[in-house]
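Accompanying notes for the structure given below.
The values are calculated or read from the model by the stated rules, or taken from the named source; none is laboratory data. Treat the numbers as computed from the prediction; the structure is a model and nothing was measured. Heads up, the Cβs are rebuilt from the backbone with ideal geometry, glycines too, and the neighbour counts pull from every protein chain shown.
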Number of protein chains: 2
Amino acid sequence: MQRGDGPVLNWNSPDSSIALAESWLRNSPADVPAAASRADLAERLNGILSQMLRSGQNLHHPHYIGHQVPASVPLAGLFDAVSSVTNQVMAVYEMGPWATAVEHALVRALCRKVGWDAEASTGLLTHGGSLANLTALLTARNVRLPGSWEDGAPSNAVLVTHPDAHYCVTRSAGILGLGSRQVVKVAIDPQRRMDPDNLDRVLTRLSGEGRQIMAVSACACGTPTGAFDPLEAIATVCERHQVWLHVDAAHGGGLMMSRKHRTKLAGIDRADSVVWDAHKMLFVPALCAAVLYRNREHRFETFQQNAPYLFDPSVPGMADIDSGMRTVECTKRAMGFGLWGLWSLFGEQIFEQMVDRVMDIAQRLYEFLNDQPDFQALHTPECNILAFRYVPQSLAQAADSVIDAFQRDVRTRLIQSGHFYIVQTTLDNRAALRVAVMNPMTTTDDLQELLAAIRDTGQQLNRQDNVAGDL
Amino acid sequence: MQRGDGPVLNWNSPDSSIALAESWLRNSPADVPAAASRADLAERLNGILSQMLRSGQNLHHPHYIGHQVPASVPLAGLFDAVSSVTNQVMAVYEMGPWATAVEHALVRALCRKVGWDAEASTGLLTHGGSLANLTALLTARNVRLPGSWEDGAPSNAVLVTHPDAHYCVTRSAGILGLGSRQVVKVAIDPQRRMDPDNLDRVLTRLSGEGRQIMAVSACACGTPTGAFDPLEAIATVCERHQVWLHVDAAHGGGLMMSRKHRTKLAGIDRADSVVWDAHKMLFVPALCAAVLYRNREHRFETFQQNAPYLFDPSVPGMADIDSGMRTVECTKRAMGFGLWGLWSLFGEQIFEQMVDRVMDIAQRLYEFLNDQPDFQALHTPECNILAFRYVPQSLAQAADSVIDAFQRDVRTRLIQSGHFYIVQTTLDNRAALRVAVMNPMTTTDDLQELLAAIRDTGQQLNRQDNVAGDL
């Protein structure tokens with residue numbers, strides 16, 4: 001297949017896709033192998049693999065510039081597939097000695113990238129950024145609200161965060177027993193960054209009200225526009241108030257690999273906990289998320305349990321090696337294989353090159369948009385994320401609701417065509433198109449083609465509306 | 001490689017393994033590709049893959065009869081690897097249409113196997129049984145303790161479970177804000193099954209004390225010995241007390257595929273929620289766990305949130321299709337590929353054949369142990385799990401602590417030799433050896449070899465002790 005051949009997204013309606021997936025199950029053989037001839041079986045296997053490969057999203061297509069999931073490096077996929085095929089897992093060291101060793105090595109390397117001493121800090125890998133944020137905030141709860149593990153969360157506890165925090169962060173207050181109402185959102189500046197002065201006032205007020213702070217959760221970067229909170233200033237405020245600082249760097253963490261861009265996370269080394277997804281800006285397949293703790297002594301605060309069939313009391317030192325004492329999961333995939341293999345094979349510069357490349361392409365898109373009167377970039381890109389609107393001359397005077405609906409309609413038609421995959425967001429209650437450049441192979445030519453494709457799609461829609469209006 | 005060639009477990013000390021994994025990172029190239037010759041790169045790639053393949057646990061070895069993770073069917077590994085290599089993920093339908101469709105088809109098929117109407121019930125796939133149990137119990141909390149999502153868990157809430165419940169079940173009380181002290185364990189019978197009469201008394205007492213029951217969590221089966229709780233009788237008690245019945249069938253769920261064995265789970269269709277791991281007795285690679293709800297109306301009770309960039313308010317019906325509204329994870333792997341592919345290719349009878357086979361082998365082991373005076377089976381196997389002790393004549397009169405230490409020492413030496421992989425457990429405060437037959441290729445000859453290997457290992461240990469005693 002040529003670069004960019006075929007559709008990005010193989011669109012079918014949900015109902016038809018589900019019916020098709022069910023038909024494969026329903027029409028499966030009534031008896032196993034013996035009855036089926038080998039040729040039949042090979043043909044069916046071929047059909048199954050073809051179905052899987054031609055019915056999904058093609059993340060490696062250079063026109064995939066949608067959600068924050070990468071065109072993973074193919075060799076990382078191969079390393080990950082070793083886990084699939086050999087079913088390498090971990091929970092206790094002896095169950096997956098190599099998977100466990102790889103995780104420890106990676107956690108130490110990532111801690112160093114944050115700016116921590118690998119002996120004083122620690123962490124773990126877990127299945128995705130949402131579970132990672134939940135794990136870190138559970139640790140914060142247990143450390144900062146003593147007794148909450150044994151007796152439940154106190155009713156005066158509160159989580160302080162950002163209006164643009166990923167939904168998993170606010171969800172965690174509901175999951176962890178604080179209650180979803182116990183989330184306080186700090187005001188953001190026009191660049192959608194948490195305002196440290198406002199944070200200071202919020203913490204002072206909460207303290208005056210006798211509220212206990214579970215954690216302050218900052219964004220590096222925020223999901224809607226990729227804005228980085230000013231971590232140095234936030235850390236200073238958190239230190240003054242002696243509260244736990246959590247940084248959700250699930251997406252932006254990758255910039256720590258780039259000499260050019262890592263200053264955007266300056267101050268992250270002052271956080272108590274950090275979440276960093278390798279399956280975003282380190283370009284490995286999903287899922288591989290890291291939870292990192294600055295203080296090693298917090299590592300067993302997440303849970304306080306024992307299971308005799310897993311944790312042998314005769315070798316107590318193993319709790320520090322085994323993963324099960326520190327993760328929500330008992331059995332985990334060997335999810336570090338992709339990142340460890342890539343890093344070992346190419347060296348860490350491969351991450352820097354890819355990060356710098358997608359950052360650059362997002363910047364170029366911003367410049368292209370600024371050159372076009374019918375496109376509006378909604379912010380300068382701080383990361384590889386850019387939100388914008390397409391407002392053709394014909395809609396320049398239209399009501400907001402019409403322009404908003406037009407963004408959604410254009411996007412739906414565009415992605416269902418298979419030509420490009422982009423996403424949408426809502427900023428200040430207005431609909432916007434949104435791009436995350438997650439493939440280092442996406443070029444400036446692709447970006448020019450995107451603008452043309454959006455225009456074409458918009459014109460088709462307008463023509464349809466006009467025709468419908470004429471009838 | 002021949003069947004059973006080479007070691008099961010490639011044993012190295014944790015420190016040496018971690019140091020080795022770190023050395024690969026540290027010695028990675030200082031510059032990416034351009035500088036490295038292709039031959040060097042190919043050699044390094046080969047070294048990395050070899051390292052991964054020769055340093056772990058070989059789950060496909062017929063002598064792997066340890067933790068409840070299977071020798072996964074190789075083709076299931078291939079299907080799973082499609083997800084690794086193409087990075088197929090899901091959260092919203094458009095992001096992974098095929099992964100989403102496959103999950104819906106599987107959930108419907110699994111609900112039917114539980115005995116439910118696929119239109120009235122529903123569920124989801126998640127990364128492992130621990131996260132699955134947490135998800136189901138969070139739903140139970142929100143349904144049965146109204147207001148707990150918004151305002152936190154009430155202080156009079158309690159989780160009722162089983163002394164042998166997996167640690168993730170009791171952990172959930174600590175995570176979800178009830179407090180780990182708010183776990184009440186129901187007495188078990190000599191076969192380690194929850195006693196329904198005792199459950200009835202416990203619920204009556206708790207109700208009299210004004211406690212609110214989050215859920216009763218039953219085991220199908222328990223981890224230590226594979227005992228199945230009497231679900232019909234337990235369901236009757238739960239219905240009488242109008243409490244949520246959760247069944248952790250992570251391991252035993254697979255028996256629902258077997259006409260011969262599914263009666264052991266009779267009554268499971270009366271549960272409110274069920275957890276069933278495909279990466280255990282359905283022989284697919286980790287992780288692929290299902291959470292199933294009898295009442296479809298509970299599907300959005302787990303979380304109550306909105307994220308504009310994921311859930312498009314202009315197409316509200318998609319919340320039922322998209323996975324993100326129902327799972328802790330936002331991005332998920334296409335974790336259903338292995339199970340769906342296997343089921344589609346061979347038909348569901350493949351699961352029945354494998355389940356019946358491993359059940360039969362465990363039964364044969366029990367018979368072999370009963371024929372040997374120096375081995376003690378500690379229970380009749382209800383599942384493919386068997387706990388036992390090796391007590392040679394020389395130790396027949398020894399103190400319990402000596403016999404316990406001997407079990408641990410024999411096992412440690414045996415697994416580090418690479419000859420067999422078995423685990424250990426603690427039953428009634430006594431150490432025991434424990435086997436889970438997770439490979440349909442394990443034969444009765446392997447079992448005979450296991451008994452001989454344990455005897456040899458014990459004799460070596462005794463000789464060492466004697467020599468040490470003589471010095």
Considering only the range A:276-300, state which residues are modelled with pLDDT of 95 or more, surrounded by fewer than 24 Cβ atoms within 10 Å (Cβ to Cβ) and in contact with a Phe, Trp or Tyr (Cβ under 7 Å, 6 or more places away or on another chain). A:Arg294
Are there any pairs with C-beta distances below 7 angstrom linking a residue in the range A:194-216 that is closer than 27 Å to A:Gly147 by Cα and of a type in the set (D, E, K, R) to a residue that is surrounded by 13 or more Cβ atoms within 10 Å (Cβ to Cβ) and modelled with pLDDT of 95 or more, with the two at least 6 apart or on different chains, and if so which? A:Asp200/A:Val237; A:Arg211/A:Asn156; A:Arg211/A:Val158
Taking the range A:138-154 as the region of interest, how many residues are in contact with an Asp or Glu (Cβ under 8 Å, 6 or more places away or on another chain) and either surrounded by fewer than 24 Cβ atoms within 10 Å (Cβ to Cβ) or polar (S, T, N, Q) (or both)? 3
How many residues, within the range B:231-255, are acidic (Asp, Glu) and in a helix (DSSP H, G or I)? 2
Check B:Glu119, B:Glu103 and return the single one that is under 20 Å from B:Ala319 (Cα atoms), not in a helix (DSSP H, G or I) and not aliphatic (A, V, I, L, M). B:Glu119
What pairs come up if the first residue lies in the range A:390-410 and is within 13 Å of chain B (Cβ to nearest Cβ), the second is among the basic types (Lys, Arg), and their beta carbons are under 8 Å apart, counting only those six or more places apart or on different chains? A:Asp404/A:Arg430; A:Gln407/A:Arg389
Yes or no: B:Asn156 more than 7 Å from every other protein chain (Cβ to nearest Cβ) and touching a strand residue (DSSP E or B) at 6+ places or on another chain (Cβ under 8 Å)? yes
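How many residues, within the range A:77-105, are in contact with a Cys (Cβ under 9 Å, 6 or more places away or on another chain) and modelled with pLDDT of 95 or more?
Adding up the residues that qualify gives 1.
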So, B:Gln68, is that one touching a Lys or Arg at 6+ places or on another chain (Cβ under 6 Å), under 18 Å from B:Ala286 (Cβ atoms) and not basic (Lys, Arg) or not? yes
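Conditions tested, residue by residue: (1) within 30 Å of B:Ile48 (Cα to Cα); (2) in contact with a Lys or Arg (Cβ under 6 Å, 6 or more places away or on another chain); (3) not assigned by TED's automatic domain parsing to the domain that holds A:Arg296.
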| position | (1), (2), (3) |
| --- | --- |
| A:Leu339 | yes, no, no |
| A:Arg357 | yes, no, yes |
| A:Gln376 | no, yes, yes |
| A:Glu382 | no, no, yes |
| A:Gln397 | no, no, yes |
| A:Ala405 | no, no, yes |
| A:Arg408 | no, no, yes |
| A:Phe420 | no, no, yes |
Any residue at all in the range B:219-241 that's surrounded by 24 or more Cβ atoms within 10 Å (Cβ to Cβ), closer than 30 Å to A:Leu427 by Cα and β-branched (Val, Ile, Thr)? no
Which numbered condition trips up B:Arg112, out of (1) free of Cβ contacts under 8 Å to residues at least 40 places away in the same chain; (2) more than 21 Å from B:Lys280 (Cβ to Cβ); (3) more than 9 Å from every other protein chain (Cβ to nearest Cβ)? (2)
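Tally the residues that are in a helix (DSSP H, G or I) and among the small types (Gly, Ala, Ser), restricting the search to the range A:106-116.
1
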State the number of residues belonging to the range B:48-65 that are touching a residue at least 12 places away in the same chain (Cβ under 8 Å), within 20 Å of A:Pro285 (Cβ to Cβ) and within 7 Å of chain A (Cβ to nearest Cβ). 2
Looking only at the range A:87-99, which residues are at the interface with chain B (Cβ under 7 Å from one of its Cβ atoms) and either out of contact with any Ser or Thr (no Cβ under 6 Å at 6 or more places or on another chain) or in a helix (DSSP H, G or I) (or both)? A:Gln88, A:Tyr93, A:Glu94, A:Met95, A:Gly96, A:Pro97, A:Trp98, A:Ala99
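For the range A:171-184, does any single residue satisfy the condition of being more than 11 Å from chain B (Cβ to nearest Cβ) and either outside any strand (DSSP E or B) or within 21 Å of the chain's Cα centre (by Cα) (or both)? Give the steps one after another, and end with the answer.
Of the residues in the range A:171-184, the ones more than 11 Å from chain B (Cβ to nearest Cβ) are A:184.
From what's left, either outside any strand (DSSP E or B) or within 21 Å of the chain's Cα centre (by Cα) (or both): none.
There is no residue in the range A:171-184 that is more than 11 Å from chain B (Cβ to nearest Cβ) and either outside any strand (DSSP E or B) or within 21 Å of the chain's Cα centre (by Cα) (or both).
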Tell me the residue from B:Arg434, B:Arg364 that is more than 30 Å from A:Ala30 (Cβ to Cβ), in contact (Cβ under 8 Å) with a residue 12 or more places away in the chain and among the basic types (Lys, Arg), please. B:Arg434
Could you run through the range B:301-319 and say how many residues are assigned to a loop (DSSP other than H, G, I, E, B) and modelled with pLDDT under 90? 12
Enumerated strands (runs of 3 or more DSSP E) restricted to the range A:361-441, each holding at least 2 residues that are touching a helix residue (DSSP H, G or I) at 6+ places or on another chain (Cβ under 8 Å) and under 24 Å from A:His166 (Cα atoms): A:385-390, A:423-427, A:430-436
Can you tell me which condition B:Ser83 does not meet? The list is (1) buried (at least 20 other Cβ atoms within 10 Å of the Cβ); (2) in a helix (DSSP H, G or I); (3) in the same structural domain as B:His298 (by TED's automatic domain parsing), and all the others hold. (3)
Does B:Phe388 fit the bill of being over 17 Å from B:His67 (Cβ atoms), within 25 Å of the chain's Cα centre (by Cα) and of a type outside the set (Ser, Thr, Tyr)? no
Name every residue in the range B:68-86 that is facing chain A (nearest Cβ under 7 Å) and in contact with an Asp or Glu (Cβ under 9 Å, 6 or more places away or on another chain), in order of residue number. B:Ser72, B:Ala81, B:Ser84, B:Val85
Unique match (being β-branched (Val, Ile, Thr) and buried (at least 24 other Cβ atoms within 10 Å of the Cβ)) among A:Thr135, A:Thr170, A:Thr122: A:Thr135
